[in-house]
1. With a ≥ b ≥ c the root eigenvalues of the C-alpha gyration tensor of the range B:2-94, is it rounded (a/c under 1.5), prolate (a/b larger than b/c) or oblate?
2. If exposed means no more than 15 neighbouring beta carbons inside 10 Å and the site is in a DSSP loop, what's the longest run of chain B without any exposed trypsin sites (Lys or Arg not before Pro)?
3. Taking every residue in A:170-181, how many Cβ atoms of other protein chains lie within 10 Å of its Cβ, on average?
4. Work out the FRET efficiency for A:Gln119 and A:Asn314 from their Cβ-Cβ distance, taking R0 = 35 Å, and round it to the nearest 0.05.
5. Taking Cα pairs under 8 Å and at least six residues apart, what relative contact order does the range B:2-94 come out at, in percent?
6. Only sites in a loop by DSSP and with at most 11 other Cβ atoms within 10 Å count here; which GluC sites (Glu not before Pro) in the range A:209-296 make the cut?
7. Under 23 Å Cα-Cα from A:Lys125, which lysines qualify once same-chain neighbours fewer than 8 residues away are excluded?
8. Determine the dipole magnitude for the protein assembly as shown: charges of +1 sit on the beta-carbon of Lys and Arg, -1 on that of Asp and Glu, nothing else is charged, the reference point is the Cα centre, and the result goes in debye to the nearest 20.
Amino acid sequence: MEADSKPKKSGARLCCVCTQNRAALKRPKTLEQICRECFYAVFEEEIHQVILENQLFKPGERIAIGASGGKDSTVLAYVLSELNRRHNYGLDLFLLSVDEGITGYRDDSLETVKRNELQYGLPLKIVSYKDLYGWTMDEIVKMIGLKNNCTFCGVFRRQALDRGAALLKVDKVATGHNADDIAETVLLNILRGDIARLSRCTSIITGEDGPIPRCKPFKYTYEKEIVMYAYFKKLDYFSTECIYSPNAYRGFAREFIKDLERIRPRAILDIIKSGEDFRISTTTKMPEQGTCERCGYISSQKWCKACVLLEGLNRGLPKLGIGRTQGLNSDAKISNGMVIQEESVQEGQLFCTNQVNPEDQFFGFYICKK
Amino acid sequence: MHLTLEFGGGLELLCESVKFHNVNVDLPKGADKLSMRDLLAWVRTNLIKERPEMFMKGESVRPGVLVLVNDCDWELSGQLDTTLEEKDVVVFISTLHGG
């Protein structure tokens with residue numbers, strides 16, 4: 001029996017890597033029992049390998065780390081800083097934070113990012129919804145109610161990150177999306193039949209044809225390991241659920257993934273693999289990417305989603321750009337981009353639909369002409 | 001049995017925002033050991049003041065809540081069957097929040 005600080009606890013396991021120290025955790029990825037020191041080493045090394053194998057960065061690049069003050073972005077900032085130093089990536093790292101204007105949630109987590117700025121010595125930039133769009137999330141929720149909050153927030157946040165990145169003049173944005181997040185997204189897209197997103201959501205680098213590409217160095221990193229790393233290393237992070245999230249659809253996918261992980265932890269990586277290898281039938285029509293007529297941002301429709309949502313907010317039409325049908329009956333026809341024959345919609349009114357034209361899914365909007 | 005419990009990752013909100021609890025848990029009737037299974041039931045009854053479904057599901061913790069006994073993953077010591085000893089430190093960390 002090996003010497004242990006608690007001799008009564010017979011069967012205390014040894015680390016299977018170094019066989020010296022007591023095992024501190026069981027890795028969900030490999031089911032290995034591993035001690036703290038070996039865990040740090042393998043955690044950091046695996047991320048380093050992901051960065052190399054996928055060529056995420058080039059020497060001399062300026063990289064903005066999307067930092068919310070939460071567990072993933074804090075650990076990402078810490079690990080990237082460390083790997084940048086250790087392996088001489090030659091990167092200029094920055095912290096980029098988005099203030100959505102959610103009282104009691106974002107204001108607290110921003111305090112954490114400000115501390116991270118000092119702790120890791122990385123310059124911080126904060127961009128806010130109020131400055132960019134004229135609306136805080138609190139104001140938006142007051143207008144639209146407690147459903148579809150994440151739709152607004154997610155869309156606005158993506159653009160906010162791009163705007164912030166442009167202001168910082170960085171070459172890429174790195175976000176802390178972890179394996180659990182990506183597996184949830186794959187499931188969500190399957191549940192919603194969103195083929196376009198399904199084909200993109202497992203890419204480790206996205207937006208290469210856009211203004212600022214983004215990458216997810218934690219794509220294969222388990223959430224459990226990120227939390228254990230942060231706990232053992234005593235990293236400072238903020239951990240409260242967004243007050244609007246309990247109503248989010250993603251919660252169901254998350255619950256399912258967590259239950260799956262308990263039975264078969266490997267399922268998370270396997271779902272990602274399924275998502276990566278998914279092939280779409282050549283006869284399926286996919287939306288094409290162009291630019292938004294109003295703001296020039298990347299869009300597969302005439303107007304980008306953010307412009308549609310903003311238009312809805314500013315015109316007091318909170319449902320604009322949300323969901324599928326907008327009260328159209330099944331007789332409504334589409335011709336040359338105009339909807340014909342609908343009693344409840346007024347001439348010249350901007351409204352959203354998707355049932356009529358199956359390509360549009362969540363994005364379609366039209367001006368009614370009778 | 002005297003134990004120190006720590007709640008992190010947002011779980012402290014379920015215990016009136018108190019992160020650390022020094023507790024004295026009675027062994028179940030007729031038992032000579034305290035298991036994690038027993039402790040969880042005790043915690044649910046005595047410490048969790050709201051939304052118990054955020055902490056537990058069935059007789060175990062909600063999936064997504066990590067448990068450490070003396071800084072070791074409870075998966076290594078048998079999860080619910082882990083036996084606790086005097087002065088042990090048990091940490092519960094939720095991973096279910098934004099990153």
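Any read-out appearing in this document is the output of simple, stated calculations on the displayed coordinates, not a laboratory observation. Worth saying up front: this structure is predicted, and the values here are computed from it rather than measured. Note that each Cβ is placed from the backbone with ideal geometry, even for glycine, and that neighbours are counted across all protein chains shown.
1. Rounded, because the longest to shortest axis ratio a/c is under 1.5.
2. B:50-86
3. Going residue by residue through A:170-181 and averaging, the value is 1.
4. Using R0 = 35 Å, I get an efficiency of 0.30.
5. So the answer I get is 41 percent.
6. A:Glu288
7. Partners within reach: A:Lys58, A:Lys71, A:Lys114, A:Lys169, A:Lys172, A:Lys216.
8. 500 debye
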